[in-house]
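The values are calculated or read from the model by the stated rules, or taken from the named source; none is laboratory data. This structure is a prediction, so every number in the text was calculated from the model and none was measured. Virtual Cβ from ideal backbone geometry, glycine too; neighbours counted across all protein chains shown.
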Amino acid sequence: MTTDATDVTHLHEHEHDELPLAGGCGDGCACGDGEGYETGLDPQLAELLEEAGLDPIEVEDIATLALAEDLAGGEDVTSVATVPAEAVATADFTAREAGVVAGLRIAEAVVSLVCEEEFEVERHVQDGDRVEAGQVLLSVRSRTRDLLTAERSALNLLCHLSGIATATRAWADALEGTGAVVRDTRKTTPGLRALEKFAVRCGGGANHRMALSDAALVKDNHVVAAGGVAEAFRAVRAAYPELPVEVEVDTLEQLAPVLEAGADLILLDNFTVPQLREAVALVAGRARLEASGGLTLASAREVAQTGVDYLAVGALTHSSPILDIGLDLRA
C-alpha cells in the first residue's frame, strides 16, 4: 500500500479520566458473549482497526497491559517532575531507517489511552507503506506529559510490528513473479499473535491458521500417535469433515498414501530443492504444497521456482529485528 497525501486530521476527547488498568475487561465487561461492551477507543480509530482485520477490544487490552507494565501502578515520575502539567506539544513518530511500517493505529491507540485531554492526530502514511529514514509517519498533539508517558509502550509495539512487516516484504519481493506466497506460523509472541500476523499481511505475506481450532495440521507426533500419515489424515477428516487439513511429510514416499487419502494441502518438511521439484512433479497439481524447514531469504526464490505454493517461515514473527522508529517532540 502506498499513499502520498496526509490523512485528514481528526480530534477526539478521550473518555477515560485515568488509565483503565483493566482495559477492555473493566466494569460491564461482556467477554465471552460478544455483546454489551464497546471499546473505549475513538470510534473512527476502532473502525480503522476493524477494517485492518483487528479487534479493537483486543488492541485496547494489549495497549492497556503495555502501559500498566510501564507504569507499574505509579506514574511517570520523570515527566511529572520536568514537564508542567499544562504544557502541550506535538510529537512526530519518525522512521530512523527505511522499511515497511505496521502498527500505526495500534500506536495511536496506546497514546489515546494515556491522553486525558483532547488530542489531535495527523496520519502521514498507512500501514503497509514503504518508508524512508527521516520520514514522519504519525503526528500527535496533546499534553506533553501524556505523550512522553505513552512513548515507549507505543514505540515497542510499532517498532516490533514494523520489523515483522519489513522482513516479510523482503521475502515477498524475493518471491515476486513465482506464484508462491510466504506464510507465517504459530511461532508468535504470546498475547501478540493477532498483531504479529497483521504485520505479516502488511508486509505482503499470508497468514497460516490463527489458532489450533481453525484448521488441522497433522505433524510427526500425530503420525506416531495415529500409526501412520494416512491414518492420521483420515482420523482428522472423520472427526472434523468441514475443516481444512494440512499433512506434514518428510519423505517422498509418504506423498502417495497421503494423496490417496484425499489430502489437499501437504507440508514438505526439510525437503531439498531437488526433492521439492520431484514432489511437485509427483503431486501434479492434485494438492497444494508448502515448503518448510531451513528456508532462508537467499534461497527463497529457488525454492519458490520449484513450483510449491507456499513457503512457511516462522522467523517472520519469532526472529525479525525491529524497525527503528523514534518519537520526537517538536521544538
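For the condition within 20 Å of Gly307 (Cα to Cα), out of contact with any helix residue (DSSP H, G or I) (no Cβ under 6 Å at 6 or more places or on another chain), among the charged types (D, E, K, R) and not assigned by TED's automatic domain parsing to the domain that holds Asp61, what is the one hit in Arg237, Arg183, Arg209, Arg193?
Numbers: Arg237 fails: within 20 Å of Gly307 (Cα to Cα); Arg209 fails: within 20 Å of Gly307 (Cα to Cα); Arg193 fails: within 20 Å of Gly307 (Cα to Cα).
Unique residue meeting the criteria: Arg183.
Here's the yes/no breakdown for (1) touching a Leu at 6+ places or on another chain (Cβ under 9 Å); (2) of a type in the set (A, V, I, L, M, F, W, C); (3) closer than 27 Å to Asp127 by Cβ:
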residue	(1), (2), (3)
Leu195	yes, yes, yes
Phe198	yes, yes, yes
Ala216	yes, yes, no
Val224	no, yes, no
Val236	yes, yes, no
Leu243	no, yes, no
Asp250	yes, no, no
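Inside region 140-167, residues that are over 23 Å from the mean Cα position of the chain (by Cα) and part of a helix (DSSP H, G or I) make up a count of 6.
Go through Ala170, Ala174, Ala216, Ala199 for me and flag whichever is hydrophobic (A, V, I, L, M, F, W, C) and closer than 16 Å to Val308 by Cα.
Working: Ala170 fails: closer than 16 Å to Val308 by Cα; Ala216 fails: closer than 16 Å to Val308 by Cα; Ala199 fails: closer than 16 Å to Val308 by Cα.
Selected residue: Ala174, the only one of Ala170, Ala174, Ala216, Ala199 that is hydrophobic (A, V, I, L, M, F, W, C) and closer than 16 Å to Val308 by Cα.
Out of region 229-241, which residues are surrounded by fewer than 15 Cβ atoms within 10 Å (Cβ to Cβ) and either closer than 15 Å to Val258 by Cα or small (Gly, Ala, Ser) (or both)? Correct list: Ala238, Ala239.
The numbered conditions (1) at pLDDT 95 or above; (2) crowded, with 18+ Cβ neighbours inside 10 Å are all true for Arg209 except (1). For region 270-279, the count of residues that are within 30 Å of His160 (Cα to Cα), at pLDDT 95 or above and β-branched (Val, Ile, Thr) is zero.
Determine, yes or no, whether Val136 is surrounded by fewer than 21 Cβ atoms within 10 Å (Cβ to Cβ), more than 25 Å from the chain's Cα centre (by Cα) and hydrophobic (A, V, I, L, M, F, W, C). Step through it out loud before you land on a result.
Working: surrounded by fewer than 21 Cβ atoms within 10 Å (Cβ to Cβ): yes; more than 25 Å from the chain's Cα centre (by Cα): no; hydrophobic (A, V, I, L, M, F, W, C): yes.
No; evaluated as a whole, the condition is false for this residue.
Out of Val80, Val88, Val114, Val59, which single residue is farther than 14 Å from Arg143 by Cα, aliphatic (A, V, I, L, M) and in contact (Cβ under 8 Å) with a residue 24 or more places away in the chain? Full working, then the answer.
Numbers: Val80 fails: farther than 14 Å from Arg143 by Cα; Val88 fails: farther than 14 Å from Arg143 by Cα; Val114 fails: farther than 14 Å from Arg143 by Cα.
Selected residue: Val59, the only one of Val80, Val88, Val114, Val59 that is farther than 14 Å from Arg143 by Cα, aliphatic (A, V, I, L, M) and in contact (Cβ under 8 Å) with a residue 24 or more places away in the chain.
Count of region 169-189 residues, restricted to those that are surrounded by fewer than 17 Cβ atoms within 10 Å (Cβ to Cβ) and either in a loop (DSSP other than H, G, I, E, B) or touching a Phe, Trp or Tyr at 6+ places or on another chain (Cβ under 7 Å) (or both), is 6. Across region 137-144, a minimum of one residue is classified as in contact with a Cys (Cβ under 7 Å, 6 or more places away or on another chain) and more than 20 Å from Gly99 (Cα to Cα).
Pick out the one residue from Asp55, Asp42, Asp17, Asp61 that is of a type outside the set (Lys, Arg), assigned by TED's automatic domain parsing to the domain that holds Leu137 and modelled with pLDDT under 50.
Details: Asp55 fails: modelled with pLDDT under 50; Asp42 fails: modelled with pLDDT under 50; Asp61 fails: modelled with pLDDT under 50.
Of Asp55, Asp42, Asp17, Asp61, the one residue that is of a type outside the set (Lys, Arg), assigned by TED's automatic domain parsing to the domain that holds Leu137 and modelled with pLDDT under 50 is Asp17.
Candidates Val110, Val131, Val121: the one that is buried (at least 20 other Cβ atoms within 10 Å of the Cβ), more than 23 Å from Pro56 (Cβ to Cβ) and modelled with pLDDT of 95 or more is Val131. Only residues that are assigned to a strand (DSSP E or B), over 16 Å from Gln126 (Cβ atoms) and either modelled with pLDDT under 95 or among the aliphatic types (A, V, I, L, M) (or both): list them for region 90-105, please. Of everything in region 90-105, just one residue is assigned to a strand (DSSP E or B), over 16 Å from Gln126 (Cβ atoms) and either modelled with pLDDT under 95 or among the aliphatic types (A, V, I, L, M) (or both), namely Ala91.
Looking at Leu104, Leu113, can you tell me which residue is among the aliphatic types (A, V, I, L, M) and out of contact with any helix residue (DSSP H, G or I) (no Cβ under 6 Å at 6 or more places or on another chain)? Break it down stepwise before answering.
Working: Leu113 fails: out of contact with any helix residue (DSSP H, G or I) (no Cβ under 6 Å at 6 or more places or on another chain).
Within the list Leu104, Leu113, the selection yields Leu104.
Regarding Ala85, is this residue over 22 Å from Leu48 (Cα atoms), in a helix (DSSP H, G or I) and of a type outside the set (Lys, Arg)? No; evaluated as a whole, the condition is false for this residue.
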